[in-house]
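The structure appears right after this line, and notes come after that.
The values are calculated or read from the model by the stated rules, or taken from the named source; none is laboratory data. The structure presented is a predicted model; accordingly, all values stated were derived computationally and were not measured. Glycine also receives a Cβ, built like all others from the backbone with ideal geometry; neighbour counts cover every protein chain displayed.
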Amino acid sequence: MAHAHDTHHDGHAHHHKESWISKYVFSQDHKMISKQFLVTAIFMGVIAVTLSVLFRLQLGWNGQSFGILNALLGDRWAPNGVLSSNAYLALVTIHGTIMVFFVLTGGLSGTFANLLIPLQIGARDMASGFLNMLSYWFFFTSSVIMVASLFVETGAASGGWTIYPPLSALPDAMPGSGLGMTLWLISMVIFVASSLLAGLNYIVTIINLRTKGMKMTRLPLTVWALFVTAILGVLSFPVLVSCVVLLLMDRGFGTAFYLSDIYIGGQPLDVTGGSPLLFQHLFWFLGHPEVYIVLLPALGISSEIISTNARKPIFGYKAMVGSILAIGFLSFIVWGHHMYVTGMNPFLGSVFVFTTLLIAIPSAVKAFNYITTLYQGNIRMTPGMLFSIGLVSTFVTGGLTGIILADSALDVNVHDTYFVVAHFHIVMGMSAIFGMLAGVYHWFPKMYGRMMNTKLGFAHFWLTLVCGFGVFFPMHFVGMAGSPRRYYAYTEFPFLQWVEDLQPIISTFAIVGGLAQLLFLFNFFHSIWFGQKAPANPWGSNTLEWTTPVKPGHGNWPGALPEVHRWAYDYSNPEHEEDFVPQTVPLKAGEHAH
Amino acid sequence: MLNLLIILVLVLAVIAVFQLTRVYEYSRSIRNTREEEISHADNKLNAWLMLVWMVAFFIGTIVLYVKYGNYLPPPASEHGVNVDNLMAFNIWIITIAFFLMNGALFIITYKFYYRKDRKARFHLHDNRLEMLWTMIPGVLMAVIIIYGLITWGKMTGPASADALKIEVYSKQFDWTARYSGKDGVFGAANFNMITSDNIFGIITPDRMKVMLDSIDGDISETEAYIEREKALLSDEKIEVLEDQIYRMKRHKQRLMDLDEDQLNGISTWTAGADDVIAKELHLPVGQEVELIFTSRDVLHSAYLPHFRAQMNTVPGVPTRFKMKPTITTEEMRQELKDPAFDYILLCNKVCGATHYNMKMKVIVESPEAYAKWLESQKLFVPVEAPAAEVPATASPDTTASAPASPATAMVVNR
Ligand code: HEM
Ligand SMILES: [Cu+2]
Ligand SMILES: [Cu+2]
């Protein structure tokens, strides 16, 4: 890569002699930081999937002894190989937390915003390489703390990833509300710091560092999605911090923001006047935008991949951008749909029903546009493309059940049941994860200069798709029959027994699906070192990242920055010979830009 | 048998994973192909798999609908019927959309897989089409919103004046119901009054006196204990004890701040005497009930799936849900041909270790049976023997530990 370094020196003076530490550890190069985020997220993902398989053993075969549980968790958490109910809740909580925040927020945005924003807008790096580096190390620190909290004597946080007080505020209420919860909260504060540093950097970079000709209207949809995601994060994460800090104060300093009229541990507490509902409002003011922070990058990634591999312009680019903006805006005024049964004023509930169901419209537009993009395309079945198509299917399927949950009158009966678990896993656990995996397969050549194995990719996709639906689709019915979530067992309820025969099936799919991820891990790590060497533009893509050398050095382009002359989606343009026209190709005489 | 099958599947899965990783080696050895160039065979294979998957997915969905689509017994409440109708309406819409959209996606993907000799259509946008598919979900949403909000409005409106009010009280990990008794007024209750035999913390003048006396007793005992043992106790220990005294004083202060109220001309401190506390929730059929939920420790949620009802219970903030049960337990047993059937209230907000077992039996019966049941229940203050005994506190002399607070002392005594 030395040659890349030598040839461009315009304004970049800080990368002469890089030591191993400054290149691989405290790197300020967005591409290295992106890889750091990705590898950390994969590691966290492995932990979270493992946790889910462990607690699925209990749900599938209640009370049965499993040597592996005892071996991994020890006698305190899994005496005689049976998960204890406290340990069950701890595993569920940390599973959810890691998946939502560490894999799909830090991991997904961290990887692809870092990789793609500078490369696709034609910038040498992020606006601030230093803040970018800090953001990764904050993320790393918070990941370490979160994982460490699993090993605490009293157990990790166990109140669910939403950590509603008073449960999370009162160490007397459950063991997991002791040190484990404190660590959870500290980890989360650091995590938010990371997200804010990163988000501000992304926004500033997109606004200021676009190369010549890269108008906002020519941005690839990936960048649009990452841009709106960053804005959502910057506006909503600070609210989570205040929410968490108030909780820390209730726990440690005797305040009563969330507490009132509580009698626990054989004593009345000296707290009055607080409200647990305040927490929920603050939490979901972040929490709902958060689900779009998770989803939008995946939608952006898949738009890009679908257009490229269908060899067809994305259908309705303007509508796609408009939908992203509309979803982003609406996501701030729908948080109350998580609170229909909290005793919130029913009229307020009605307002949230209205705003929430409005989101269905831009979402439907996106789904139609994806399908129309495929229509009359010439679809190359690369692994990235398969996962993107899988994303459309899961986005549609999971989005539709959202309509039921948004309808307050219906939510009353399915709130906090497995129906909800099915819904959010299909949109987050499948759609967003598919987007992430699609992105990895698609941009792996750019990250590591090598190709991933395609055949393994096919196997990985099909197994993941089948097992994913096998796990989450039946959960709708388990939930509609009235099975609550966060239950360690259903033995106490005769009326639920008839859906219990779905549980072992679900768990089997979960185990197979979990194992299928080994294909990915193997493929990923093996290809980093032994994969086929990548060509410069393996997918015949229009965007700028493929105009760099195969392994771009610090600064991305040797020599001058590329100049942009057209939008990113000139695929199969009849005015051109090739079926793709990179953004750097000047308009022909008489050709008009789109 | 099922377990054997599952083990078999797992073993096969492991073998499959290993075999598949070997595929990797093979494809490397036939190294004249490039990873990014998807062969015609592969494009076609995946295209076909899309179709195969679609068929399997749809069949699986239909099987699940047929086998599990009848998700709950018929609604046992008046609003439940509306909720189920709304649900059926919504499920029809989303099911149709599900099949149409997924079908279109997979069929189109199949049909347009890559062929060298073809070029994709350069189709940028189509304002008419886009208008159309903004309008369609728009109109559908309007219908869903209006229908949904009408149902919501009906079920959440204020309870009628003659609704039977019942308090449902949650704590880790059980439920308790309170009926207001003959006077129709709930006695005042406060969390500072809670003892093991007064789960609700109902205030009566007698109880208040006992409570205050017992706290006074504890305070002076602890003070005497410190005085006596000063020389032997470490500074920290003394600090702990003094902190306890402070808390007991605060507790007493909070009790003394409680005021007597009047409701319907009845003092809320005397109204509690005839309240009925029950571990089962009895409801008269055909009578609107307003359930008033409170919690003493953490959030719980009273989930009544058979009545299509749910409401969180929140410490410090009473919540409500009104409904009219329409099918008695007995009738439902006949309908389901299950003599053991019972309605149930379950906790649906994670609340700790045995959250999964926090439930209360619900019994819907004829008004006569209900009245008879209520009649047979003990009143909060038994009519014959009004005075509660003064609880003895654990003597600090006998143990090195600090004196228990009045509340724990009473727990210990029961
Ligand atoms: C192997 C794949 C997975 C399996 C088998 C699985 C299974 C489960 C199950 C059974 C629960 C417990 C639900 C409950 O009792 O409330 C759960 C919770 C959860 N899962 Fe997953 N899951 C998987 C992957 C994912 C992914 C990819 C995500 C990413 C968004 C995710 C996010 C969550 C969340 C947010 C919760 C809620 C945790 C809580 O209740 O606090 N899961 N998962
Ligand atoms: Cu939400
Ligand atoms: Cu509970």
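Here's the yes/no breakdown for (1) more than 9 Å from every other protein chain (Cβ to nearest Cβ); (2) touching a residue at least 60 places away in the same chain (Cβ under 8 Å); (3) within 16 Å of ligand 2 (Cβ to nearest atom):
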{"site": "A:420", "(1), (2), (3)": "yes, yes, yes"}
{"site": "A:429", "(1), (2), (3)": "yes, yes, yes"}
{"site": "A:442", "(1), (2), (3)": "yes, yes, no"}
{"site": "A:446", "(1), (2), (3)": "yes, yes, no"}
{"site": "A:452", "(1), (2), (3)": "no, yes, no"}
{"site": "A:466", "(1), (2), (3)": "no, no, no"}
{"site": "A:491", "(1), (2), (3)": "no, yes, no"}
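Annotation note: of B:349, B:378, the sole residue that is in contact (Cβ under 8 Å) with a residue 40 or more places away in the chain and at the interface with chain A (Cβ under 8 Å from one of its Cβ atoms) is B:349. I'd like to know if the range A:417-440 contains one or more residues that are modelled with pLDDT of 95 or more, within 16 Å of ligand 3 (Cβ to nearest atom) and either within 30 Å of residue A:550 (Cα to Cα) or not in a helix (DSSP H, G or I) (or both). Within the range A:417-440, one or more residues are modelled with pLDDT of 95 or more, within 16 Å of ligand 3 (Cβ to nearest atom) and either within 30 Å of residue A:550 (Cα to Cα) or not in a helix (DSSP H, G or I) (or both). In the range A:197-220, what residues are buried (at least 23 other Cβ atoms within 10 Å of the Cβ) and assigned to a helix (DSSP H, G or I)? Residues satisfying the conditions are A:198, A:199, A:201, A:202, A:205, A:206. For the structure I just gave you, tell me whether residue A:572 is within 11 Å of chain B (Cβ to nearest Cβ), closer than 24 Å to residue A:450 by Cα, crowded, with 22+ Cβ neighbours inside 10 Å and among the polar types (S, T, N, Q). Judged against the criteria, residue A:572 is not a match.
Of the residues B:134, B:109, which single one is over 39 Å from the mean Cα position of the chain (by Cα), polar (S, T, N, Q) and part of a helix (DSSP H, G or I)? Criteria check complete, one pass: B:109. Residue check: residue A:146 meets all listed conditions (1) buried (at least 23 other Cβ atoms within 10 Å of the Cβ); (2) at pLDDT below 95; (3) more than 14 Å from chain B (Cβ to nearest Cβ) but one, namely (2). Could you check the range A:386-422 and list, in sequence order, the residues that are in contact with a His (Cβ under 8 Å, 6 or more places away or on another chain), closer than 20 Å to residue A:298 by Cα and not polar (S, T, N, Q)? Correct list: A:398, A:402, A:422. Would you check which residues across the range A:329-369 are over 20 Å from the mean Cα position of the chain (by Cα) and under 30 Å from residue B:44 (Cβ atoms) and list them? Matches in the range A:329-369: A:368, A:369. In the range A:441-471, of all residues being part of a helix (DSSP H, G or I) and among the small types (Gly, Ala, Ser), the one that is surrounded by the fewest Cβ atoms within 10 Å (Cβ to Cβ) corresponds to A:470. Scanning the range B:273-320 for residues that are surrounded by 24 or more Cβ atoms within 10 Å (Cβ to Cβ), modelled with pLDDT of 95 or more and over 13 Å from the mean Cα position of the chain (by Cα) returns B:283, B:291, B:306, B:307.
When the range A:318-353 is examined, which residues are found to be among the small types (Gly, Ala, Ser), within 16 Å of residue A:279 (Cα to Cα) and assigned to a helix (DSSP H, G or I)? The one that is among the small types (Gly, Ala, Ser), within 16 Å of residue A:279 (Cα to Cα) and assigned to a helix (DSSP H, G or I): A:336. The residues of the range B:12-69 that are at pLDDT below 70 and basic (Lys, Arg), listed by number, are B:22, B:28, B:31. Scanning the range B:342-371 for residues that are in contact with a Ser or Thr (Cβ under 7 Å, 6 or more places away or on another chain) and away from ligand 1 (no atom under 16 Å from the Cβ) returns B:342, B:343, B:363, B:364, B:365, B:366. Look at residue B:231 and say whether it is without any contact (Cβ under 8 Å) to a residue 24 or more places away in the chain and over 14 Å from residue B:272 (Cβ atoms). Yes. Might you check whether a residue that is closer than 28 Å to residue A:265 by Cβ, buried (at least 21 other Cβ atoms within 10 Å of the Cβ) and in the same structural domain as residue B:170 (by TED's automatic domain parsing) occurs anywhere in the range B:328-339? No; the residues of the range B:328-339 include none that is closer than 28 Å to residue A:265 by Cβ, buried (at least 21 other Cβ atoms within 10 Å of the Cβ) and in the same structural domain as residue B:170 (by TED's automatic domain parsing). Does the range B:74-93 contain at least one residue that is buried (at least 18 other Cβ atoms within 10 Å of the Cβ), of a type outside the set (S, T, N, Q) and more than 26 Å from the chain's Cα centre (by Cα)? Checking the range B:74-93: not a single residue is buried (at least 18 other Cβ atoms within 10 Å of the Cβ), of a type outside the set (S, T, N, Q) and more than 26 Å from the chain's Cα centre (by Cα).
Could you tell me whether any residue of the range A:475-482 is away from ligand 2 (no atom under 16 Å from the Cβ), more than 11 Å from every other protein chain (Cβ to nearest Cβ), assigned to a helix (DSSP H, G or I) and within 30 Å of residue A:403 (Cα to Cα)? The answer is no, given that none of the residues of the range A:475-482 is away from ligand 2 (no atom under 16 Å from the Cβ), more than 11 Å from every other protein chain (Cβ to nearest Cβ), assigned to a helix (DSSP H, G or I) and within 30 Å of residue A:403 (Cα to Cα). How many residues are assigned to a helix (DSSP H, G or I), at the interface with chain B (Cβ under 10 Å from one of its Cβ atoms) and buried (at least 18 other Cβ atoms within 10 Å of the Cβ) when one looks only at the range A:493-513? Counting residues in the range A:493-513 that are assigned to a helix (DSSP H, G or I), at the interface with chain B (Cβ under 10 Å from one of its Cβ atoms) and buried (at least 18 other Cβ atoms within 10 Å of the Cβ) gives 11.
For the range A:372-398, filtered to residues that are surrounded by fewer than 24 Cβ atoms within 10 Å (Cβ to Cβ) and not aromatic (Phe, Trp, Tyr), the residue that is farthest from the other protein chains (Cβ to nearest Cβ) is A:398. Here the range B:260-275 is the region considered, the condition is being farther than 21 Å from residue B:214 by Cβ and in a loop (DSSP other than H, G, I, E, B), and the residue that is nearest to the other protein chains (Cβ to nearest Cβ) is B:261.
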